[in-house]
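Have a look at the structure below, then the notes.
The values are calculated or read from the model by the stated rules, or taken from the named source; none is laboratory data. None of the values given here were measured: they were computed from a predicted structure. All Cβ positions, glycine included, derive from the backbone under ideal geometry; neighbour counts span all protein chains shown.
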Amino acid sequence: MRGEGRHVLLIIDNFSGHSIQYQPTNIQIEFFEPNLTSFVQPLDAGIIRCVKAHYRGSFCQRAIDLDEAGERDIYKINLLEGMIMADAAWKAITPETIQHCWNHTKIQL
């Protein structure tokens, strides 16, 4: 970045593990005020909630399908199935939803 003359603003929360022992070049670091993270992070502003809603919908539909097929333990799921459903839930989030969550934070220029 220095060679290209690029400058970056890195905004991070106040998690104690986010301490930096050196001064990076071409990167300005700003920390959120305490307890502000959930108000300004787009993931906390709805993206995670949307992914969870899609996952839960898929999980419930799977349970209904298993019940109709006569399975006994309709809520049992293996790791691969869970990962596939989580991947599908993420892919179901539209760019418009992500943009809306970013807009909700009001941190964009």
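Computed quantities for the displayed model
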| quantity | calculated |
| --- | --- |
| Of all residues making up region 25-51, the number that are surrounded by 13 or more Cβ atoms within 10 Å (Cβ to Cβ) and modelled with pLDDT under 80 | 9 |
| Filter result for the condition that a residue is among the polar types (S, T, N, Q) and over 17 Å from the mean Cα position of the chain (by Cα), over Asn103, Asn78 | Asn78 |
| Looking only at region 59-87, and only at residues there that are among the aliphatic types (A, V, I, L, M) and touching a residue at least 24 places away in the same chain (Cβ under 8 Å), the one that is farthest from Ile48 (Cα to Cα) | Met85 |
